[in-house]
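The values are calculated or read from the model by the stated rules, or taken from the named source; none is laboratory data. Everything quoted here is computed from the prediction, not taken from an experiment. Cβ placement follows ideal geometry from the backbone for every residue including glycine, while neighbour counts extend to all protein chains displayed. These area figures cover heavy atoms from the full protein model, side chains too; ligands, DNA and RNA do not enter into them. Shrake-Rupley method; radii C 1.70, N 1.55, O 1.52, S 1.80 Å.
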Amino acid sequence: QVQLVESGGGLVQAGASLRLSCAASGRTFSMGWFRQAPGKEREFVAVISWRGGTTYYVDSVKGRFTISRDNAKNTVFLQMNSLKPEDTAVYYCASDGDPTRVGVRSWQYDSWGRGTQVTVSS
């Protein structure tokens, strides 16, 4: 399994931007971002294929969030613009050990970071 460490979370006002980073210590294929708000289930946010050519997003963040990766640094990013209070959650980075898919479901991922808190005030 891959070791993952997220960073970049914080407290911001609605409309602001944040850039999350996830540093990986092992080989990665598809990399995803998930989030979990208090009292809610973990939710898929975005995924990027291992070459970066394919991305998927949950509808609520399309047009606002962008996932990207720098394979030379073994790091994946989540650029979050126009943040809303509804985006408040702990954001988790995840790595898929299967090289054939670009998954949007939690069970498809093998490794998880500890998360970084994003809080958006209204």
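The apolar share of the surface of the chain, taken as the fraction of accessible area on carbon and sulfur atoms (1.4 Å probe, ligands and nucleic acids excluded), comes to 47 percent.
Relative contact order for the chain: what percent, with Cα pairs under 8 Å and sequence separation of 6 or more?
Details: 313 pairs, mean separation 45.2, N = 122.
Computed over the chain, the figure is 37 percent.
Sequence-ordered 3J(HN,Hα) estimates for the range 109-122 from the Karplus curve with 6.51, -1.76 and 1.60 and θ = phi - 60° stand at 10, 9, 10, 9, x, 7, x, 9, 7, 10, 10, 10, 8, 9 Hz, glycine and proline given as x.
Multiplying the sequence separation of LYS84 and SER68 by 0.36 nm and subtracting their Cα-Cα distance, what value in nm do you get? Mind showing how you got there, number by number?
Working: separation 16, 0.36 × 16 = 5.76 nm, distance 2.08 nm.
Using 0.36 nm per residue and subtracting the Cα-Cα distance, I get 3.7 nm.
Summing Lys, Arg as +1 and Asp, Glu as -1, what charge do residues with Cβ under 13 Å from the Cβ of GLN3 carry, GLN3 excluded? In short, 0.
Subtracting the Cα-Cα distance of SER60 and TRP107 from 0.36 nm times their residue separation leaves 14.8 nm of extension gain.
3J(HN,Hα) couplings calculated from phi for the range 88-105 with the Karplus curve 6.51 cos²θ - 1.76 cosθ + 1.60 (θ = phi - 60°) are, in sequence order, 4, 4, 8, 9, 10, 8, 9, 10, 9, x, 8, x, 9, 10, 10, x, 10, 10 Hz; Gly and Pro show x.
With every protein chain kept in place and ligands, DNA and RNA left out, what is the accessible area per residue of the chain? Probe 1.4 Å, answer in Å².
Values: 6390 Å² over 122 residues.
Ligands and nucleic acids excluded, the figure is 52 Å² per residue.
Separation of the range 1-48 from the range 101-122 is 5 Å, based on Cα centroids.
Give the residue from CYS22, PRO85, GLY32 lying farthest towards the positive end of the charge dipole for the range 13-85; charges sit on Cβ (+1 for Lys and Arg, -1 for Asp and Glu) and the dipole is referred to the Cα centre. Looking along the dipole axis, the top candidate is CYS22.
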